[in-house]
1. Please state which one of Gln272, Gln251, Gln237 is among the polar types (S, T, N, Q) and free of Cβ contacts under 8 Å to residues at least 40 places away in the same chain.
2. Out of (1) farther than 17 Å from Lys306 by Cα; (2) outside the structural domain of Val211 (by TED's automatic domain parsing); (3) more than 16 Å from the ligand (Cβ to nearest atom), what's the single condition that is false for Leu154?
3. Can you name every residue in the range 202-228 that is among the hydrophobic types (A, V, I, L, M, F, W, C) and free of Cβ contacts under 8 Å to residues at least 12 places away in the same chain?
4. Would it be correct to say that Tyr263 is of a type in the set (Phe, Trp, Tyr), in contact with a helix residue (DSSP H, G or I) (Cβ under 8 Å, 6 or more places away or on another chain), surrounded by 14 or more Cβ atoms within 10 Å (Cβ to Cβ) and over 21 Å from Lys152 (Cα atoms)?
5. Which residues, taken from the range 74-89, are at pLDDT 80 or above and not small (Gly, Ala, Ser)?
6. Please pick out the residue among Leu310, Leu285, Leu245 that is more than 25 Å from Leu230 (Cβ to Cβ) and either assigned to a helix (DSSP H, G or I) or assigned by TED's automatic domain parsing to the domain that holds Gln139 (or both).
7. Could you check how many residues of the range 189-201 are farther than 12 Å from Glu369 by Cβ, touching a residue at least 24 places away in the same chain (Cβ under 8 Å) and surrounded by 14 or more Cβ atoms within 10 Å (Cβ to Cβ)?
8. Residues that are away from the ligand (no atom under 16 Å from the Cβ) and outside the structural domain of Gln139 (by TED's automatic domain parsing): find the strands (runs of 3 or more DSSP E) completely inside the range 33-123 holding 1 or more of those.
Amino acid sequence: MSATGFSHHFARELDVEQLLELMKLGSGIDQSDTIDPVPPAWLEHIRTDVECPSCFVRGAVLVRGARSTRTGKALRQAHFRFIGSDGQDAHHPLCDFYHSGAPASRNEHAVDFGSDKSALARAVRKLVCSGIELGVFDQIAMRDLRKWFFEKRLQNRFDLALTPEAVDWYSKLMAYASSGLPFRPVHGELARLDWKQAARQRLRERHAQLVASPLRVYGWPKEAGRAKALIIKHANQRVFDPASLQSYYAQTISLVRFAASHYPALAISQRQLYDVGVDDRMRALMALCALLLNVSGWSTDLAVEKLITLINAPEPRTTTLGNMIGLNPFHDYVAWSLIRHLSDAVAGADINFDHDGEIAAIEHGLRAEHEEWRARKS
Ligand SMILES: [Zn+2]
């Protein structure tokens, strides 16, 4: 169930009420009239006209919103269902809405470019409005980006066989700072030896290969919780391989940082500049930069040129042009990168991912080494 659909007739992504308003405008019906029920001819048109914003399947069935007559509370949000000729869910298995139990869910990658909730959101909206006004991009270009992203997802997949415990285990392993000297039995002679610390040091030595080739994606420790949730949700499935987005992600991050550093309306803190890829507040700017790069054939030079045009453009005549749903292809990119990296790194290794158990066993072993050494010495 999707809250929005892409109408070919109106060439844009719309929610149910927006679509009905536009159809009303085109049909000459009095604007004050409510459309209830929706005429069968309209429903038939919607079925062939409106496609899923994520997987592009047609066959939209319009479901009106419902409110409780007693409390006025919304019981159901208006949405589109996509049903095949066999009466089954028509979404592609990789679509965000495939077997989505959530009522009227929005695509997790979707970004509301029309939002005015923060200074940053308003600044992005201004750039989006200018972009449409100046013909730098339009709703069709937006659909092209979604198509590009969906094709990447179709073509690049891997089998998820990781457990959530592996993420915790890896996060702890990588968080330990190396204290330098490896454990030797004589260390046990120190009255205040930190045995736990010695055990952690040994753990890092035991997994030296993993430690030596860490995941080089900034901000991944913050995404460990999200990675675990994704592993649980997609256990043993064929999932999207984020490695195919690596260079595109780097380009988008660079463009976001460039924009934020040179356009005062987008000014963000140093912290946020670092956290661009994992800070939810940055998703609208990520989506705008991905769009600029995609309409530039992923040439950073061309995208920067377009960005500067938007920054220098006069105030747009209307902000309603910004009522467009953007796409951040890099939503969860860091979490998925962690999953992919870890999947490769531990493939075939004999690790049971019980961190505390492993540390306790190592400590036990170190104490035994010390005892043995002592016995030999005396
Ligand atoms: Zn779909």
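The values are calculated or read from the model by the stated rules, or taken from the named source; none is laboratory data. Everything numeric here is computed off the predicted structure, so don't read it as measured data. Backbone-built Cβ (ideal geometry, glycine too); neighbour counts: all protein chains shown.
1. Just one listed residue meets the conditions, Gln272.
2. (3)
3. Those that are among the hydrophobic types (A, V, I, L, M, F, W, C) and free of Cβ contacts under 8 Å to residues at least 12 places away in the same chain: Ala208, Ala212.
4. yes
5. Selection gives Arg76, Gln77, His79, Phe80, Arg81, Phe82, Ile83, Asp86, Gln88, Asp89.
6. Leu310
7. Adding up the residues that qualify gives 2.
8. 74-76, 110-112
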